[in-house]
Amino acid sequence: MTRTSNFNQTGCCTANGEGTVLLIHPPVAKPSEPPPGIASLHGSLNRHLVRCDLLDANLEGLLYLLKQPGKPSDRWTERAFRNISRNLSAVRKPLTYRNLDRYKRAVVDLNRALEMSSQSTGARLSLANYQHLKLSPLESSNLLRAAENPAENQFYPYFSERLTAILRERKVRIIGFSLNFLSQALCTFAMLGFLRRNFPNVTLAAGGGLITSWMRRPGWANPFAGLIDHQVAGPGETFLLSLLGLNADGDAHFKPKYDSLPVADYFAPGLILPYSASNGCYWNKCSFCPERAEKNPYIPLPADRVVADLRHMASSMKPVLIHLLDNAVSPALMKALCENPPGIPWYGFARITRHFEDQEFCMALKRSGCVMMKLGLESGDQEVLDQERKGVSVETASKALHALKRAGIATYVYLLFGTPAETLKAARKTLDFTVKHGDQIDFLNLAVFNLPIHGPDAAGLQTGLMYEGDLSLYTGFIHPKGWHRVLVRQFLDREFKRHPVIASILREDPPLFTSNHAPFFCMQD
Ligand code: SF4
């Protein structure tokens, strides 16, 4: 098996000689950038002189599968298998991002090769997802089944060999999984099951966004007690240190440490540096927002600290793009970046605030390196926005889109359909707004609303119509205005997406990688 990371050369000095920590980013998640969760933990452990290794099992696992000989059943698949190396190198070249058709062919063909490699495994694998035909990641009994039968997982040949080699090579005391997306859950549990059975003395821990969401459900009763020794909600730094018998300074901040990851192997034309300047959201008012439903506190880093970190990491790591991971980059941080640009292009998610009405502010953002703003507009109907407590006015959104366009900053606009406040008439206002601003919107994300199962606003709705699993974070509901999901989907497919202005925006969206690759199409001048 070919190793893609320089695992043997990594690690920090050992504080106590009692073995090391191994942190794993499991498959499947988009392999476009190094995983921030384990890099952040690594930063903290490193500063406490704890030996720690990182394993991006997602990237390695996907590359491993792409290297296996495939059995093509049709001409497209045959071409996809034949061109894997060429397409991999294409997605890593900036030139490819100057030609959307060439880019699309490379990504779609790589995806085809992966998809077809999973044909006989009962799973449907893509560059961004892992679905099993019989096992649901929303059902704890299914996750435990995945743990009991790790050899049935498509990544088993990769992770059984890789983990065995690592654990034979060094004494590992704790293995931590960073589980953030549902698409990672079944593979995480297969890996946990393998480790539990073959290395019973290693302590197994799991944290990350998905584990946090599960644990913050009211009435959470841990169904994984026999399998996972420790589950952690929220940032795991303090917990991990305490597990090692070390005291953590709760307020201390440590830069994420990416250098032991195979930074040249990601599916991107250069290193994307992910950085989180805050946890939670400074607004925290939108109804039906999962952040609010989970009562995640807002914990920002001081803006000057963020600026210093970014400048330091930009100079030492030489990324081509900074990805700010915040739910909403605060205006204070944007101003700080304008005053002290990181020297590297950047993008992130922001609320549509009146700051963006100011042309000079947008020009300063552009000068700071901002290439793209992701904006959660959700609706083009003021009543819907007000009822959702978005704190956004349609008028401000219009001015912001114009000002950002004039400044040369691309926009990736997120729309949400089927919220309890919406009707067909309101959805058509969103359609009109989008068409009217077609020249100012570069990319669009269209989503159908999901109701957080334990959010404060679910109480006023008739819920519980569909049972998806005991770990589901969302629930079905009867739409109070009759604007049901099936009607929403019909509207999107038959009316919204068919409008020529909208269809032409949607055609610009990079397949599978969407907003993770979109900035590269805006960085060409
Ligand atoms: S801005 Fe986004 S993260 Fe913040 S409360 Fe609204 S939906 Fe939630």
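Every number here is computed from the coordinates shown, using simple stated rules; none is lab data. Remember, predicted model here, so these are calculated numbers, not experimental data. Methodologically, a virtual Cβ is constructed for each residue, glycine included, from the backbone with ideal geometry; neighbour enumeration extends over all protein chains shown.
Can we say L404 is away from the ligand (no atom under 14 Å from the Cβ) and surrounded by fewer than 17 Cβ atoms within 10 Å (Cβ to Cβ)? Explain how you work it out, then say what you get.
On the way: away from the ligand (no atom under 14 Å from the Cβ): yes; surrounded by fewer than 17 Cβ atoms within 10 Å (Cβ to Cβ): no.
So L404 does not fit the description; no.
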Seminar exercise, completed: Those residues of region 311-329 that are closer than 14 Å to G369 by Cβ and either buried (at least 17 other Cβ atoms within 10 Å of the Cβ) or under 21 Å from the mean Cα position of the chain (by Cα) (or both) come to a total of 9
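Yes/no per residue for (1) within 16 Å of Q184 (Cβ to Cβ); (2) without any contact (Cβ under 8 Å) to a residue 12 or more places away in the chain:
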residue	(1), (2)
F81	no, no
T96	no, no
R124	yes, yes
A128	yes, no
L135	yes, no
L143	yes, no
E152	no, no
Exercise. In region 210-224, what count of residues is obtained for those that are surrounded by fewer than 18 Cβ atoms within 10 Å (Cβ to Cβ) and in a helix (DSSP H, G or I)?
Worked result: 1
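Filter region 189-226 down to the residues that are basic (K, R) and out of contact with any strand residue (DSSP E or B) (no Cβ under 9 Å at 6 or more places or on another chain) and list them by number.
So the first thing to find is which residues in region 189-226 are basic (K, R), and the list is 196-197, 216-217.
The answer is R197, R216, R217.
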Problem set entry | Selected residue [of a type outside the set (K, R), over 24 Å from C289 (Cβ atoms) and buried (at least 19 other Cβ atoms within 10 Å of the Cβ)] from S368, S379 | S368
Exercise. Of all residues in region 429-473, which are in contact with a strand residue (DSSP E or B) (Cβ under 6 Å, 6 or more places away or on another chain) and aliphatic (A, V, I, L, M)?
Worked result: I441, L444, L446, A447, V448, L451, I453, A458, L461
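Among the listed residues T411, T434, identify the single one that is buried (at least 21 other Cβ atoms within 10 Å of the Cβ), among the polar types (S, T, N, Q) and not in a helix (DSSP H, G or I). Outline the logic, then answer.
Working: T434 fails: not in a helix (DSSP H, G or I).
It is T411.
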For this session: Collect the residues in region 277-310 that are more than 13 Å from the ligand (Cβ to nearest atom), buried (at least 21 other Cβ atoms within 10 Å of the Cβ) and not β-branched (V, I, T), keeping them in residue-number order.
Result: A277, L310
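For region 356-373, name all the residues that are over 11 Å from L404 (Cα atoms) and out of contact with any strand residue (DSSP E or B) (no Cβ under 9 Å at 6 or more places or on another chain). I'd like the intermediate steps shown before the answer.
Going through region 356-373, the residues over 11 Å from L404 (Cα atoms) turn out to be 367-369.
Residue satisfying the conditions is R367 alone.
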